[in-house]
Amino acid sequence: MIKKYIEKANFEDTGFSYTLSLISGKHKMVILYCLMEYEPVRFNELKRYLKNISDKTLSSNLKELESDHLIIRTEYPQIPPKVEYSLSERGKSLMKVLDQLCIWGEQNRE
């Protein structure tokens, strides 16, 4: 199957490349996994789960995931402000792929 992607003239035109572009980076897959396990999740909960991540980096990753339609940001009009993040249907469909990565990792851990 991978060979089919490599044979294409331009790697960037493949579905594999597109998927990687959505989940690339140090934190995006972990954010998605956290939302899958604990949704809905607030910003500070995500920050505690990820431990060593700055507010700016987390905020930037969340904005990118939202613009890629993988997560939904729900803002509640109250004081103090309350914002929750959850997976979109598109994001939930990606969880099948990430789940397979987890299974592979468990089966092949040395």
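The numbers here are math on the coordinates, done by the rules we state, and not lab data. Keep in mind it's a predicted model, so treat the numbers as computed, not measured. Cβ sites come from the backbone with ideal geometry, for glycine too, and all protein chains shown count toward neighbours.
Among the trypsin sites (Lys or Arg not before Pro) in the stretch 3-73, those placed in a DSSP loop whose Cβ has at most 16 other Cβ atoms within 10 Å are Lys8, Lys26, Lys51.
In a simple Cβ point-charge model (Lys, Arg +1; Asp, Glu -1; nothing else charged), the chain has a dipole of about 180 debye relative to its Cα centre. What percent do you get for the relative contact order of the chain when only Cα pairs under 8 Å and 6+ apart count? The value is 24 percent.
Comparing Gln100, Leu50, Tyr18 along the charge dipole axis of the chain, the residue lying farthest to the positive side is Leu50, per the Cβ-charge model.
If you run the Gaussian network model on the chain, springs between alpha carbon atoms under 10 Å, then out of Asn61, Asn52, Asn44 the most flexible one is Asn52.
Restricting the calculation to Cα atoms, the chain shows an Rg/Rh of 1.03 when the hydrodynamic-style radius is the Kirkwood one. Computed per residue of the chain from DSSP H runs no shorter than four, each worth -39500 (n - 2.57), the mean residue ellipticity at 222 nm is -18500 deg cm²/dmol. The stretch between Lys92 and Asn10, if pulled fully straight at 0.36 nm per residue, gains 26.7 nm over its current Cα-Cα span. One chain, two ends: Gln100 and Asp68. Fully extended at 0.36 nm per residue, the span grows by 9.4 nm beyond their Cα-Cα distance. A DSSP coil position with no more than 16 other Cβ atoms inside 10 Å describes none of the GluC sites (Glu not before Pro) in the stretch 43-109. For Gly25, the amide hydrogen comes within under 5 Å of no other amide hydrogen, counting only partners 5 or more places away or on other chains and with H modelled in the peptide plane.
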